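Worksheet for the structure shown next.
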């Protein structure tokens with residue numbers, strides 16, 4: 001009865017099919033993830049906030065170091081009485097008082113009165129943690145966050161995670177190094193935003209899990 005051996009004939013076909021799916025499924029999954037990541041990157045780049053209008057007054061102002069005109073803009077807000085004090089978060093431990101004053105371009109009297117320095121933070125997570133401590137110590141309930149526009153989405157994730165009960169007003173500064181309005185015209189800008197987008201994803205996952 002040869003027909004009884006038919007199942008043995010089908011085994012090689014079943015093995016080939018299983019083997020094919022073993023390679024096809026991971027490749028399809030990787031392709032899907034790559035497409036989803038690319039769509040997410042484009043959406044992230046298109047939704048980078050424009051430079052913010054002058055915000056309403058808050059209890060305090062937090063400026064994140066990192067170039068651009070973040071610090072001078074924060075000081076302008078302080079001079080305009082948009083906050084009682086300014087925290088500059090992420091100051092290089094080796095930076096001297098005179099160096100900081102020259103960057104801020106403000107009178108020593110204003111600096112001594114109303115500017116605090118955080119020299120402990122080394123990244124955005126640290127900025128949020130140290131800022132939360134400063135806000136608690138000063139009994140503030142609302143603050144203005146000053147940073148570059150491309151950095152604002154990730155900063156808001158970290159700050160709102162570190163201080164969920166504090167009202168945060170974003171004050172986005174147009175970067176003088178990264179031209180986000182025409183990001184697709186520069187491969188270096190695309191690479192930079194891709195790196196920032198990956199950091200944003202990591203922050204999103206971390207703040208949801210912990």
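Readers should treat all values here as calculations from the given coordinates under stated rules, not as data from a laboratory. Quantities reported herein were computed from a predicted structural model and do not represent experimental measurements. Glycine gets a Cβ as well: all are built from the backbone with ideal geometry, and neighbour counts include every protein chain shown.
Could you check region 21-129 for helices (runs of 4 or more DSSP H) lying wholly inside it with 3 or more residues that are over 20 Å from residue 148 (Cα atoms)?
Per the criteria, 97-104, 108-114.
When region 149-173 is examined, which residues are found to be farther than 19 Å from residue 56 by Cα and part of a loop (DSSP other than H, G, I, E, B)?
163, 164
Could you please find all residues in region 111-128 being surrounded by 15 or more Cβ atoms within 10 Å (Cβ to Cβ) and closer than 13 Å to residue 203 by Cβ?
Listed by number, the residues that qualify are 124, 125, 126, 127, 128.
Here's the yes/no breakdown for (1) under 17 Å from the mean Cα position of the chain (by Cα); (2) surrounded by 15 or more Cβ atoms within 10 Å (Cβ to Cβ):
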site	(1), (2)
135	no, yes
151	yes, yes
158	yes, yes
175	yes, yes
188	no, no
192	yes, yes
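How many of the residues in region 116-150 are in contact with a strand residue (DSSP E or B) (Cβ under 7 Å, 6 or more places away or on another chain) and touching a residue at least 40 places away in the same chain (Cβ under 8 Å)?
16
Kindly evaluate residue 178 against the criterion of being in contact with a strand residue (DSSP E or B) (Cβ under 9 Å, 6 or more places away or on another chain) and within 23 Å of residue 134 (Cβ to Cβ). Quick ask: steps written out before the conclusion?
Numbers: in contact with a strand residue (DSSP E or B) (Cβ under 9 Å, 6 or more places away or on another chain): yes; within 23 Å of residue 134 (Cβ to Cβ): no.
No.
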